[in-house]
Amino acid sequence: MPFKPGMSGNPAGRPPGSRNKSNILLESLVEKDLEAIMQRVNDLAKDGNLAAAKLCLNVIGARRGRPVRCNLPELKTPADVLAAMRTIVSDVASGELTPVEGRDVSDLVQRFVQMYGNFYYDKRLQEVERRCLIEPPSEGAPSSDPPSPEPEPTDEPPSDGSPPHC
């Protein structure tokens with residue numbers, strides 16, 4: 001009998017996300033002696049064992065994507081960015097962050113500046129739009145009549161030398 005679409009051959013099988021018991025046991029054994037094992041692999045790599053060296057490099061590469069510690073100042077305004085970048089550069093120079101980690105953290109700082117700018121640009125635009133639609137013309141006293149339709153815009157400057165209205 002063929003399977004129905006979207007149905008596995010054994011619906012009562014291992015639940016998604018469950019782990020193999022032998023892998024769980026192996027991980028618990030390794031965790032107990034992890035420091036000694038890593039020291040031995042490191043020693044073998046230093047003695048020229050290429051497999052051990054490759055393993056060490058893979059472990060270093062696995063660090064990418066993990067949390068990094070960097071004492072950045074709190075970013076409240078774009079003015080705080082210079083101090084944050086000083087901290088990042090200092091941490092990379094001292095070896096507390098790898099150059100790749102420093103770049104990743106500085107990318108976050110740059111995104112903060114972009115989002116900050118986008119937020120305040122939007123607020124300023126809304127304020128300009130509000131003023132153009134709500135405030136009465138400055139030539140006379142406000143009237144209770146509805147505003148007349150705006151004239152069609154032209155490329156010519158106003159003839160009286162005044163700035164154009166919104």
Inset, instruction - List, in order, the whole-Hz ³J(HN,Hα) value for each residue of the stretch 41-55 obtained from phi through the Karplus relation with A = 6.51, B = -1.76, C = 1.60 and θ = phi - 60°; use x for Gly and Pro. - result: 4, 5, 4, 4, 5, 5, 7, x, 6, 5, 5, 5, 5, 4, 4
Legend entry - Set of lysines with alpha-carbon distance to LYS54 below 29 Å, sequence-local pairs under 8 removed: LYS21, LYS32, LYS46
Legend entry - Phi to ³J(HN,Hα) by Karplus 6.51 cos²θ - 1.76 cosθ + 1.60 over the stretch 97-112, Hz, x for Gly, Pro: 10, 6, x, 5, 5, x, 5, 5, 5, 5, 4, 5, 5, 4, 5, 4
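Only the coordinates and a few stated rules stand behind these numbers; no lab work does. From a predicted model like this one, the values you see are computed outputs, not experimental measurements.
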